[in-house]
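I have placed the structure first, in the form of structure tokens, so that the comments after it can refer back to it.
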């Protein structure tokens with residue numbers, strides 16, 4: 001708390017401006033009375049958004065008249081997130097050939113899981129006697145087709161992702177000659193697809209500052225949560241302004257300093273903030289060109305910005321460095337050029353389907369595949385091979401994209417095989433990292449693959465779009481489908497654990513044995 005009454009909050013948040021707005025509402029003050037600083041934070045996975053405990057240290061600081069720091073224990077963290085379960089009932093109509101005709105869906109859902117559709121699709125394939133991959137190929141959207149909301153779909157890499165996954169799993173060979181059981185171990189393979197939107201509409205603003213030595217500082221509210229946002233945004237700025245990436249740095253994410261951004265959520269940063277930064281650099285370059293045009297006695301249209309210089313096209317030696325332009329503009333000590341830019345995605349979100357609105361400025365497309373081994377005596381499940389193919393639009397940093405795909409796959413794998421909050425009397429009984437199991441390195445599949453699919457997006461920076469999240473959703477249904485392929489039994493609850501396998505096997509055996517007389 002400042003003597004003036006202003007409040008400064010350091011928060012591990014993905015949405016500093018949302019935290020500022022919510023704190024202002026809670027405390028009954030205007031947003032300019034609150035400053036939120038977001039440092040480098042650990043993985044967010046969507047859980048570090050909006051206000052959680054930020055108001056508590058503020059109230060305590062007001063009372064004490066001194067700075068207050070509040071840190072949660074691992075146990076307490078479980079009470080700051082909400083990941084509800086879902087009950088989903090699906091009825092699907094299809095032709096004998098496998099063309100989908102319609103669905104009746106009943107969902108009791110409060111931000112729950114997504115895996116039911118792709119699981120039922122495999123059940124349908126088995127009923128129809130149609131190959132699961134072929135059933136999906138027959139019914140996947142194609143480029144330019146209209147979505148259920150009426151909007152045309154663009155940059156849609158789902159089909160390519162599915163084909164890549166099937167190729168990696170050697171699907172055709174598997175269907176022709178399955179792997180024989182080995183003692184109690186039986187084997188199966190499964191696939192799943194995903195198509196996801198990003199929050200739309202949403203806006204991002206950014207600024208770039210040309211320093212007196214010709215380097216550039218970026219002012220934007222994209223939070224670095226381990227996804228490598230600063231690396232890829234540095235690449236975009238460096239490419240646009242014509243500097244090496246070492247010539248680009250970032251200001252701290254501070255709502256007193258950086259412009260507004262909707263948040264580091266929904267895998268929107270590369271697309272939205274990338275577009276905002278492209279606009280900001282264009283503004284900066286226009287100022288540099290205007291300043292250099294008079295000094296070089298040339299038309300702005302004839303000038304090129306490249307390599308930290310502005311020069312006359314075709315005559316590189318006739319030019320000025322950024323430093324020279326700066327000093328001639330502001331004097332010997334130098335000054336600062338600022339470029340400003342903003343991007344707002346079109347559309348107004350999901351409608352009743354009768355209007356052709358843009359419900360997502362870009363679509364995530366991807367697929368996953370798994371091969372599993374299941375021990376019919378112990379129920380043990382081993383994922384031998386997990387493959388994810390994700391449509392990145394255009395991978396601006398392929399190593400980084402591959403790492404994101406792998407990270408998402410591990411997150412999805414944890415939810416599929418290990419993670420579960422147990423309740424008694426409405427209270428969690430395993431709210432600790434000891435009792436709540438997440439996969440460690442020894443638990444991961446023996447073989448993991450991350451495949452980058454590229455279908456450049458016409459509106460994204462250099463064709464890019466979001467990557468994060470895409471590889472999470474199809475992992476659980478892919479493993480579930482592989483498990484059903486191996487056992488001939490469908491498990492409908494996550495996580496997929498040995499006790500559930502054994503229970504399902506016993507129930508099947510009991511159903512097949514006539515009751516004793």
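No value in this document is a laboratory result; all are computed from the given coordinates. Everything numeric in this text was worked out from a predicted model, so none of it was measured. Cβ placement follows ideal geometry from the backbone for every residue including glycine, while neighbour counts extend to all protein chains displayed.
If every alpha-carbon in the chain counts as one equal scatterer, what log10 I(q)/I(0) does Debye give at q = 0.07 1/Å?
-0.49
Where a ≥ b ≥ c are the square roots of the eigenvalues of the C-alpha gyration tensor, would you call region 203-344 rounded, which needs a/c under 1.5, or, failing that, prolate if a/b is larger than b/c, or oblate?
It is prolate, given that a/c is not under 1.5 and a/b is the larger ratio.
In what order do 271, 78 fall by count of nearby beta-carbon atoms within 10 Å, going from fewest to most?
Fewest-to-most Cβ neighbours within 10 Å comes out as 78, 271.
Which shape class, rounded, prolate or oblate, goes with region 7-71 when its Cα gyration tensor gives a ≥ b ≥ c as root eigenvalues, a/c under 1.5 marks rounded, and past that a/b bigger than b/c marks prolate?
Taking the square roots of the gyration eigenvalues as a ≥ b ≥ c, region 7-71 is oblate.
Tell me the relative contact order for region 203-344 as a rounded percent, counting alpha carbon contacts under 8 Å between residues six or more apart.
35
Tell me the angle of helix 16-27 to the major Cα principal axis of the chain, expressed in degrees between 0 and 90 and rounded to the nearest ten.
Taking the Cα atoms of the chain, the angle to 16-27 is about 90 degrees.
Show me 325-336, 16-27, 457-468, 50-61 ranked by packing, highest mean number of other Cβ atoms within 10 Å first.
Listed from highest to lowest mean packing, they are 457-468, 16-27, 50-61, 325-336.
Suppose we keep just the DSSP beta bridges with both residues in the chain; what percent of those would be antiparallel, to 5?
Bridges in the chain that DSSP calls antiparallel: roughly 80 percent.
Which value at 222 nm does the chain reach when only helices count, each DSSP H run of 4 or more adding -39,500 (n - 2.57), with the total divided by all residues and rounded to the nearest 500 deg cm²/dmol?
It comes out at -9500 deg cm²/dmol, rounded to the nearest 500.
Please arrange 154, 272 by how many other C-beta atoms lie within 10 Å of their C-beta, fewest to most.
154, 272
Could you work out how far the C-alpha centroid of region 467-517 sits from that of region 133-147, in angstrom?
When both Cα centres are located, 27 Å separates them.
Using only alpha carbon pairs under 8 Å that are at least six residues apart, calculate the relative contact order of the chain and give it in whole percent.
18
Please give the helix 274-296 orientation as an angle from the longest Cα principal axis of the chain, in degrees from 0 to 90, rounded to the nearest 10.
Value to nearest ten degrees: 20.
Using the alpha-carbon centroid of each, what span in Å lies between region 156-221 and region 437-453?
For region 156-221 versus region 437-453, the Cα centre distance is 14 Å.
With the contact rule set at Cα under 8 Å and sequence spacing of 6 or more, what percent relative contact order holds for region 36-173?
Answer for region 36-173 is 13 percent.
If you rank 187, 141 by fewest surrounding Cβ atoms within 10 Å, what's the result?
By the 10 Å Cβ count, ascending, the order reads 141, 187.
Going by alpha carbons, how many degrees (0 to 90, nearest 10) lie between the helix axis of 158-168 and the longest principal axis of the chain?
60
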